[in-house]
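This report concerns only the one structure given below.
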Amino acid sequence: MKNTNAAILELSNVGIGLPLGADRQWAVRDISLTILPQQTLCLVGESGSGKSVIAQAIMGILPAALPLKEGTIKLLGKSIPKQRSPSFNLLRSVKMGMVFQDAVASLNPIKKVGHQLEEILLVHGISRKERKPRVLKMLSAVLLPNPESAYRSYPHEMSGGQAQRIVIAGALLLNPSLLVADEPTTALDVTTQAEILELITKLKVEFNTSVLFITHDFGVVSEIGDQIAVMKDGKILEQGSVKNVLKNPQNEYTQRLLKAANLDTSKKKLKETEEILKADNISLTYKKGFFFNQTKFKAVQKVSLSLTAGSTLAVVGESGSGKSSLAKCLLRLENTNAGKIYYRGKDIADLKGAHLRNFRSKVQVVLQDPFGALDPRFKIIDAIAEGPIIHGSSWDEANSRAIEMLSLVGLTPQSAERYPQEFSGGQRQRICIARALIMRPEVLIADEAVSALDVSIQVKILDLFEDLQKRLGFAMVFITHDLHVAAAISDSVIVMKDGQVVESGPTSSVFKNPQAKYTKMLLSSAPGYQGGEAL
Amino acid sequence: MTGFILSKLLRAFITLLLTVSLVFIFIRFSGDPAAAMAPPDAPQEVIDYYAEKLGLDKPLWVQYTSYLAQIVKGDFGYSVDSGRSSVSLFLDRLPATLYLGGFSLLIALTVGISLGTVAALNRGNFLDRGVMAFSVFAFAMPNFLFGLAVILIGALGFQTYLGGQGASISWVGVLPPALTLGLASTGSYARFSRSSLLETINKPFLLAAEARGIPRTRRLFFHAMPNAAIPLVTLIGLSLGGLIAGSVVTEQVFAWPGVGQLLVRSVATRDIATVQFIVLAIAGTMVVANLLVDFLYLIIDPRIRVQ
C-alpha cells in the first residue's frame, strides 16, 4: 500500500440499467461510495433496493441484462472496465474477495472444499507444493477447529457457519485489499452470526483489508460498521458514520427502519383466561431410512406448554431446535410418540370424523414461505374460500366472506380475481393470513410467518397480527428464531434447544431477566442488543 | 453406506423375483404349452403325453417351485424349434446386438451431449433453437420409418444397399442401423443435457467461482459439467438397460442378426423357452443397469454417501 489514505474503492455516480419492461429504468443510479483502508462500509437496505447489484458490479459479475451504464468504479485508483473482461477479472480476484449469503450453495457440492480453495491458488499460478500449506494456514486463520478434516470435507458435511468460514477463507486466500460480503450472516442462527461477525472483525485487522458489508439488519451494522449507506429503490438516501446515522438518523426511511429493529417488550402483559391448548410432556421421534440404515432423531422431547384464549405464546429457538416439529404436533400433522395434547380439554389424538374436522378448522396455520404456500393456479378468492367450502358453507357465502377477509388484512377486493404470482411476499403473507382466519380459528399457529419478509414489511405484518387478534380474539402460537419478533408480539415465551424447553415464562421477565444459560447466550448474540437495552 | 448398498441389492433381488414370477404367470395364461408343442391335429392323448412329460399335470405351485429351481440351476429349457438350449441360441445372437447397441449409444452420447452443451451455452439464439428443433425431430421420428428412409436414400442416391448383409457384422454395415437406433436417444440426450447444464450454470456456486477468478472454460469443464452429468447418469443407465430390448425393430428393418430378430422369430414360432429366456435377460439387464447406476451415484455424488 503506497498511500495509506487513498481510497481502496471509489464509486462515482454509478448507474446500472435494468432490462426494458422492468418496474424501473435503473437498478441503481447516482451511487457514490468511498471505502478507505481498513474501514467497514455497511450498505443497508431492504430486498430489491439494489445492494447486491452494487456488489456484483464491483466484483465484475453483473448479469448481461444489467449493464453498467454510467459512472466509474475505481479500485486502488485504477478504473475498472465497464465490459465483462475475463483477463481483468482474474486480476480483480486478487484484489477483492467475495462472500455470499448462502455459503453452502456458493461451493461446488461434489468437490472437496480443500480442493476448491486450492483451485483459487492454481488459477493464479501458485505452485503445487505451496498450495496445500497455504490453504491449511488459511483454514486455521478462520478458526476452524480442525483444518485437516475441514480440508477433506464436502460442502454438505458442514454447517452453515462452518461453510461460511470456508468461503471467507477462499475470499481472503490471496490477501485482497477488499472483502465484499453480501448478507453473509442472514442465513445463520444468531449465535453463529455473532461468531462470524467477530471473525470478520478479527480478520479485517489481521489481513489489513477493507470490508463492504451488505445487510438489512441494523443490529449487525451497529456491531461491525464504520461507515453506513442506506439504500432504497436503487438510490442512496443517507450516508455517514455509523455512530451518527444510528444515533441521529436524518432520513425518514432510516428512522422507520431503525424503529422496526427495536427490541420492545413494553406493552406485554399476561392475561389470565381460559386454557385452550395444552401440551403435556410431548415427544416426537422421526425414523429415517428403512431396514438397514434406520436412524432415529428426537425432534421434540418432553415439551409442555399452555395457551390461554386470546393470548400469544412465542416459541423461540435456532434452526433444528424442534420448533416446527412442535407446530406439526400441535396441528396433529404428526402423531406424538409420548405425551398428550389437549384442545379445550380433549385429547386431540382421540379426535375422529366431525370432531377432527372441527379441530382442523379451529386450529389454523400460517407458514414461513408465502411463495410456496399458495397454489399458483388458484385465484386468491378461490384459495381463501376453499376452507369454508370444504367445511360446508355455500359457495356464495364463502366468496363474500373471502372478500371481507381480504379487506380485513388490508388488500383491495379487486385482488380477489388475481393469481398469487402477481403479489409481493408481504401481500402473499396477508393472503395466507386471510385464508387461515376465514375459518374463525381459536388458535392460529404462525411458523416463522414473518422470517422471509423485509424488516419494514415484518413490522406491518406483526401489527396486522396484533390488530386482528384484538378484533377476532384468537390465541396465537408464534414460532420464530428472531428475538425481536418474539419480544414484539408475545405475552409468554418458551425457549427451545435440541427439542427441549430450556426456559419458559412471561415474555418481559424472560427477556429482561433470563435464567437459562442458553437464553442468555441467545440474547447476547442478538446483534445490537446489549444487556437488556435495545440498540 | 453398507445399509444403502444392502437395501439396493435387496430391491434388485425382489425386482428379479417378481419378473421371473410374472413371466411364469403370463406364459401359463398365453395358452397350453403342451397343445402348442404338439402338431395342430394331434389327438388328445398326444397332448396329454406332452403335458405329463413337461410336468404340466402337476399343481401350479409345484410347477412354480420346480421352475424357480431350474432357473437357479441355470437351466432355461430347450428351443422346440431347433432343439438347442435357449441360452446358447441367445448367446449366439448377443454379440451382434451388443455391437449395434453399443455403437448407437456411443453416437447418442457424444453427439447428444455435445449438441446439448452447445445449445445451453447459446441459450435463446439460433444455435439453441436449431438443436432443439433437431431433437424434437429426432425423438419424434419412428425408427422403422427412418430406417427405411436410410435404406431408400442409400439405394437411390448412392446405389448402395444398406439393408444388411445377412449374417455378417462389419464396421460399415453397423453404421446405418446404429444411426437409426441412436437417433431417438441422441435427441433425448441433447435435450436432457441442455436443461441439466442450464440449471447448473445458474447455480450460485458458479457465480461464486467467477468471483473467485476461476476462468470460464475451467468453470465449464471442472464445475458445471460434472454437476450437470449427475442426472444424466440415470438416463445412461436406462439406455444400458434397454440395450438388448431396444433394437428389436431396427434389427428387423436392417436384417441385423441379433437378439431382437431371434425374439421376433421365436414369438412367431411359439418357441416358449427362447421367448422366456430373452424376456428374463432383458429384465435382468435392466435391473443390473439400475443397480450399477445406484452404485455409480455413490462414487460421483458425495452427498449420497452420508445418508
Could you work out [θ]222 nm for chain B from helices alone, using -39500 (n - 2.57) per DSSP H run of at least four and dividing by all its residues? Round to the nearest 500 deg cm²/dmol.
-25000 deg cm²/dmol
Report the label-to-label distance for B:L145 and A:I389 in nanometres (one decimal), using points 7 Å from each Cα along the Cα→Cβ vector.
4.3 nm
Over the whole of A:100-109, what's the average partner chain Cβ count within 10 Å per residue? Rounded to a whole number, please.
5
Write down the percent of antiparallel bridges among all DSSP beta bridges whose residues are both part of the protein assembly as shown, to the nearest 5.
55 percent
Sites B:S82 and B:N122, calculated FRET efficiency, Cβ-Cβ separation with R0 56 Å, nearest 0.05:
0.55
CD proxy, 222 nm, chain A: helix-only mean residue ellipticity via -39,500 (n - 2.57) per DSSP H run with n ≥ 4, per residue, nearest 500, stands at -11000 deg cm²/dmol
Rounded to the nearest 0.05, what FRET efficiency do B:E45 and B:T269 have when you use their Cβ-Cβ distance and R0 = 41 Å?
0.95
Would you mind checking the tilt of helix B:225-241 against the longest principal axis of the Cα atoms of chain B, expressed as 0 to 90 degrees and rounded to 10?
10 degrees
Would you mind getting me the FRET efficiency between A:S140 and B:K53? Use the beta-carbon distance for r and R0 = 60 Å, nearest 0.05.
0.15
Which percent, nearest 5, of DSSP beta bridges in region A:275-534 are antiparallel?
60 percent
Given the peptides A:439-450, A:87-98, arrange them by the average over their residues of other C-beta atoms within 10 Å, most packed first.
A:439-450, A:87-98
Between 0 and 90°, nearest 10: helix B:44-54 axis offset from chain B longest Cα axis
50 degrees
re region A:275-534: pairs of Cα atoms spaced beyond 27 Å account for a percent value of 40 percent
Pairs A:K323/A:K497; A:K302/A:K362; A:K278/A:K323: which are spaced more than 19 Å apart, C-alpha to C-alpha?
A:K302/A:K362
When the Cα atoms of region B:232-289 are enclosed in a convex hull and the volume is divided per residue, what value in Å³ results?
68 Å³
Loop trypsin sites (Lys or Arg not before Pro), region A:353-419 (other Cβ atoms within 10 Å of the site Cβ: 10 or fewer; DSSP)
A:R377
Percentage, to the nearest whole number, of Cα pairs in region A:147-234 over 15 Å apart
61 percent
Quick one: plug the Kirkwood hydrodynamic radius of the protein assembly as shown (C-alpha pairs) into Stokes-Einstein at 37 °C, 0.692 mPa s, and report D in µm²/s.
102 µm²/s
Cα extents of region A:293-338 along the principal axes, largest first, in whole Å, come to 45, 23, 17
On Cα atoms only, tilt of B:126-140 relative to the major axis of chain B in degrees:
10 degrees
Other protein chain Cβ atoms within 10 Å, averaged over every residue that makes up B:201-208:
6
Bin width 5 Å, origin at 0, all Cα-Cα pairs of region B:95-214: what percent of pairs per bin?
2, 11, 16, 17, 15, 13, 9, 6, 4, 3, 2, 1, 0
Counting just the Cα atoms, what span does region A:9-260 cover along each of its three principal axes? Round to the nearest Å and put the largest first.
53, 39, 33
Over the Cα atoms of region B:1-158, what radius of gyration and what Dmax do you get, in Å?
24.8, 75
Which lysines have a Cα lying under 26 Å from the Cα of A:K259, excluding residues fewer than 8 positions away in the same chain?
A:K51, A:K232, A:K235, A:K243, A:K247, A:K267, A:K268, A:K269, A:K460, A:K470, A:K512, A:K520
Using only alpha carbon positions, build the gyration tensor of region A:68-187, then give the equivalent ellipsoid semi-axes as the square roots of 5 times its eigenvalues, largest first, whole angstrom.
26, 17, 12
Please express the Cα-Cα pair-distance distribution P(r) of chain B as a list of whole percents, one per 10 Å bin, running from 0 to the bin with the greatest distance.
6, 20, 25, 23, 16, 7, 3, 1, 0
Put a dot 7 Å past each Cα toward the Cβ at B:A255 and A:L122; how far apart are the dots in nm?
5.4 nm
For region A:371-459, what value does the Rg/Rh ratio take when both radii are computed over Cα atoms and Rh is the Kirkwood radius, given to two decimals?
0.95
Where in region A:390-494 are there chymotrypsin sites (Phe, Trp or Tyr not before Pro) that are in a DSSP coil and have at most 13 other Cβ atoms within 10 angstrom of their Cβ?
none
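The numbers here are math on the coordinates, done by the rules we state, and not lab data. What you see is a predicted model, and the numbers here were worked out from it, not measured in a lab. Every residue, glycine among them, receives a Cβ derived from its backbone with ideal geometry; neighbour counts consider all protein chains shown.
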